[in-house]
Protein chains: 2
Amino acid sequence: MGAALALGARGRGRTTPNPNVGCVIVKEGRVIGRGWTQPGGRPHAEAMALAQAGAESRGATLYVTLEPCAHRSERGPACADLIAEAGVARVVAAVEDPDSRTAGRGFERLRAAGVAGASGVRQAEALRSFAGFIARQRHGRPHVTLKLATSLDGRIALPDGSSRWITGEPARAHAHLERSRHEAILVGRGTWEADAPKLDVRLEGLEGRSPIRAILARHPRESGGPPSSSAPPMDEQVGPGFRRDVLWIDSPVRVHPLPADHLLVEGGAETAAAFLSADLVDRLLLYRAPILIGAGKAAIGDIGLADLADAHGRWHLLDARQLGSDRLEVYERRR
Amino acid sequence: MGAALALGARGRGRTTPNPNVGCVIVKEGRVIGRGWTQPGGRPHAEAMALAQAGAESRGATLYVTLEPCAHRSERGPACADLIAEAGVARVVAAVEDPDSRTAGRGFERLRAAGVAGASGVRQAEALRSFAGFIARQRHGRPHVTLKLATSLDGRIALPDGSSRWITGEPARAHAHLERSRHEAILVGRGTWEADAPKLDVRLEGLEGRSPIRAILARHPRESGGPPSSSAPPMDEQVGPGFRRDVLWIDSPVRVHPLPADHLLVEGGAETAAAFLSADLVDRLLLYRAPILIGAGKAAIGDIGLADLADAHGRWHLLDARQLGSDRLEVYERRR
């Protein structure tokens, strides 16, 4: 299942509207097929792994991070059928499918065809690996990660706005890797205009994985009016040198229709505060340099906190690691 | 040597003007004497361990965190002489004494008496254990620890000043343990007047270890004039309910004559900034709660940082641990 989770991670940020599933087929202690959901969501991980294993699948065990789907679509057959047809003896899944079209029916279908099934293996990790898919299913919006790069005293810049550099090269490279795992990236208008950030992925081999860019601001051409749930307006060219499409989003609640299951929010303080105030941050990526800045720009603006007790119990430390001389901490919103 | 270091730690904050040394005497694989510098600096660790071991010391090995002293004083004989007289066969020290009255002469004296010697075992840890003694020797001032208790975004209070509680009970208990290891504790006048902090040690069995209290502010009765190196003024009673002496210190450079080898600086932001600006902070105790506050009081005021490059390379992470749901990080100033 560990190998299947690692394979599934390859698709993260590229499989919308499908979850980024991973799959490994094992026979007599040997891996005979490996698959992961392909960009755009098809083929599914199981289909890819079965194609690789071929006739050897008969009698094998298939490990998959999500219950195999039970619904045919115009884009392909149901995985549960493919698995049964291939003669797989046993299916082990990490989680049952939260998609109401499947929700246990994949296993039902497998059992009816004589395939043994089990689920719940490394479930918590699998749920995290599909965080985008689940946020879309449950909340109708992308999974939102807020990235902060601060000094030990929580500053993101000097009083004059200079922030190059707080963190070192390994931390900045990691932040670019995180970008590649998100379909969309968002900054506030202030950051956009002050820093003219490229917001792309500058890692060798991953240049093609740059996310859609979004700005938290009213579109200059927009007439106003209440936020709608229709797609946000888009510019072909905004600012000098930017040729990729840019989305304008006038409020955090407008992220719902973004064509993305994973949204990375990267500064500044007011944008961070807007997402936190709306309780729309699911994950916090905190890069911390071992420096003290003192007077300077704070990481997070006013989130309307009136009582310290309300701040507690919301964030859970998932991971902490050293990146060069900096620390990365990953927190998850408890829901 | 690990045991000797642990014994030495018992004296931390209580042995001024002497270093808090630890000592273990071992014979045939068995510990026959243990000692640590007693409150006020005498007896020395070696004298205590030798007294415990008695006649068994003959032929034994003595482990001590600091080179035995070679100077007689009116308060007692030189440890090197005591060790030689007891017939100890071998002395292993962590560090040579930085006190110019000894500085290698302890070992010389031992060698002359036929006692074998070696030093440098767990030296870095030992140097840290004597940080107060060494700061006094080298810089003529106490070793200064700055304590901060912040949210993940570096806030120490809400905009209205409320800070109860950011960290949880285990972190607060640890902060009290740290107080017991310091001879003096200092806060700014703002914190003193706003919070009326007791600044004592509220841990069972350690109530008697409360440090001398100091306030960073001009004494109300003082006429002014440039900072002197004489002892700071003292109040018998300042503020309602406070009966212990309080020292008034009008500038961080005035900490030099404090009757303390270890000074703990606890808030607020301007006091932290004053000590950091004067580059008088040797150690940073950072308690961090897994909460976000947003708008609020910053941990550190203006330290006059004009270039981010100047902030780097100063702080080294020594220790990181979980205290309940909070994290403690200990940083050391690289000098």
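Where a number appears in this text, it was derived from the coordinates with a stated rule and is not lab data. Predicted, not measured: the structure shown is a model, and the values here were computed from it. Backbone-built Cβ (ideal geometry, glycine too); neighbour counts: all protein chains shown.
Chain B residue nearest by beta-carbon to the axis mapping B to A, with distance in Å: B:Gly154, 1.
Once you reduce region B:40-103 and region B:181-203 to the center of their Cα atoms, the two points are 37 Å from each other. Annotation: amide H of A:Asp200 has no partner in the under-5 Å range at sequence separation 5 or more or interchain, hydrogens built in the peptide plane. When chain B is treated as a Gaussian network with alpha carbon springs shorter than 10 Å, the biggest mean-square fluctuation among B:Pro39, B:Pro197, B:Pro68 belongs to B:Pro197. Averaged over the residues of B:76-85, the number of partner chain Cβ atoms lying within 10 Å of the residue Cβ comes to 0.
With both labels modelled 7 Å from their Cα along Cα-to-Cβ, the B:Ser73 to B:Ala118 distance reads 3.0 nm. Note on B:Glu108 and A:Ser251: the model spin-label points, each 7 Å out from Cα along the C-beta direction, lie 8.1 nm apart.
Sorted by mean Cβ packing within 10 Å, highest first, what order do the peptides B:134-143, B:71-80, B:175-184, A:18-27 take? Could the numbers behind the result be given before it?
Values: B:134-143: 18.2, B:71-80: 15.8, B:175-184: 20.8, A:18-27: 26.5.
My ranking of the peptides, most packed first, is A:18-27, B:175-184, B:134-143, B:71-80.
Taking region A:265-280 and a reference point 7 angstrom along Cα→Cβ of A:Ala306, the backbone N atoms nearer than 20 Å belong to A:273-280. Each copy carries a label point for A:Gly104 at 7 Å from Cα toward Cβ; from one copy, the others' points are 8.2 nm away, ordered from shortest. Each label was represented as a point 7 Å from its Cα along the Cα-to-Cβ direction; for B:Ala194 and B:Asp319 these points are 2.9 nm apart. Over chain A, DSSP H runs of length four or greater, each weighted -39,500 (n - 2.57), average out per residue to a 222 nm ellipticity of -6000 deg cm²/dmol.
Across the identical copies, the label point of A:Lys198 (7 Å from Cα in the Cβ direction) is separated from its matches by 5.8 nm, in order from shortest. Counting Lys and Arg as +1 and Asp and Glu as -1 over every other residue whose Cβ lies under 9 Å from the Cβ of B:Thr150, the net charge comes to 0.
At 7 angstrom along the Cα-to-beta-carbon line, where would the label on A:Ala51 sit relative to the other copies? Give the distances in nm, shortest first. Computed spacing set for this position: 8.4 nm. When the alpha carbon gyration tensor of the protein assembly as shown is reduced to an equivalent ellipsoid, its three semi-axes come out at 58, 34, 20 angstrom, largest first.
Averaging sequence separations of C-alpha pairs under 8 Å and six or more residues apart, then dividing by the length of chain B, give the relative contact order as a whole percent. Write out the running numbers ahead of the final one.
On the way: 764 pairs, mean separation 51.2, N = 335.
Relative contact order, chain B: 15 percent.
Give the lysines reachable from A:Lys297 as a straight Cα distance under 18 Å; neighbours fewer than 8 places away on the same chain don't count. Within the straight-line cut-off, A:Lys297 pairs with A:Lys147, B:Lys297.
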